[in-house]
Structure formats: structure tokens, C-alpha cells
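To keep things clear, I will list the structure first and then write my remarks on it.
Nothing in this text is a laboratory measurement; each read-out follows from the coordinates by a stated rule. Source: prediction; values computed, not measured. Glycine gets a Cβ as well: all are built from the backbone with ideal geometry, and neighbour counts include every protein chain shown.
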Amino acid sequence: MMVNEGKLQISLALIRISTAAFFLVWSIEKIIYPEVTQRILKKFYFLSISSSMSVGIGIIQTLITLIFLVGLFKTFSYGALLGMHLVSVLSTYKQLFNPYAPGNHLFWSAVPVLAAIIALFILRNEDRLLTLISCPDN
């Protein structure tokens, strides 16, 4: 079966750009509202961090997301976003296993995002539209 190259490129770029936007919302929140991150980490990861640690994590995640957005260091950047999101999804397993409890069904929106990131990681060397460098695994 032949895949239309143009359609593939548009599809992969849409997944990459929308995933980057999704991650930027969360990474920037860590910088401008560190107290939200502190509450989330305490509830889902059982970790206590300082505000400055939240800001630092947010800066690092924002930089990785921007590298991902422009398609650089694909194995690293695509893999890093995949790993971050996988950990995030796994940390909400209680909500995922009980989707009809009040507020829990929204956690399921992370599952198709995870699938999209996995697909993008698998096809990362084919993702060249609107990237800075189009060679494989730059």
C-alpha cells in the first residue's frame, strides 16, 4: 500500500505541532504557576518540590518541547516527550480505571495523545515538514 507522501508529512506535522502546543501549556504553567505543579506532584507522584524546582522543571520541559517542535534531535526530543507523557498517564491509573467517577473521564483525553506521540516517535524519521533539519535522526 502506497502512502501519499504529502498527506503523511501534513499528518505528522499536525501531530508534532499540536503535541508541542499541548506540552507548552503544561510546561509554561510550571513556570508561571509553580504552586499548581506542587499540588499535582504531591497528589499524583507523592513528591514535594519547591517553587524554584517547579520553575526549573518548567524551563527544561519548555526547552525540550521547543526542540521537539522544530524537529531537532528526534530520538531524544520525541522520546523525551513520549517518556514524560507516559509517566503522566501512568500516574493517573486510578482515574483511568474509574472513568465514571466525577471528573475522571477527562483523564482519558491523555490516552489518545499518548497513542499519537507513540505513532510520531515510530515515524520520527519521516517527519520532515516544517522542521529545521530534514535528515533522519538529526
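Residues of the chain were split at every exposed loop site, defined as chymotrypsin sites (Phe, Trp or Tyr not before Pro) in a DSSP loop with at most 13 other C-beta atoms within 10 angstrom, and the longest piece left, sites excluded, is 47-99.
How would you rank Leu24, Leu106, going from fewest to most other Cβ atoms within 10 Å of each one's own Cβ? Exposure proxy ranking, most exposed first: Leu106, Leu24. On the beta carbon distance between Asn4 and Tyr93, with R0 = 30 Å, the FRET formula returns roughly 0.20.
Once the C-beta distance of Val36 and Val111 is scaled by a Förster radius of 22 Å, the resulting FRET efficiency is 0.50 to the nearest 0.05. When restricted to Cα atoms, the stretch 10-126 yields an Rg and a Dmax of 14.6, 41 Å, respectively.
Sorted on the mean count of surrounding Cβ atoms within 10 Å across their residues, most packed first, peptides 83-92, 47-56 read 83-92, 47-56. Each label point was placed 7 Å from the Cα along the Cα-to-Cβ direction; for Ser48 and Val25 their separation is 3.1 nm. Placing +1 on the Cβ of every Lys and Arg and -1 on the Cβ of every Asp and Glu, with nothing else charged, gives the chain a dipole about its Cα centre of roughly 280 debye.
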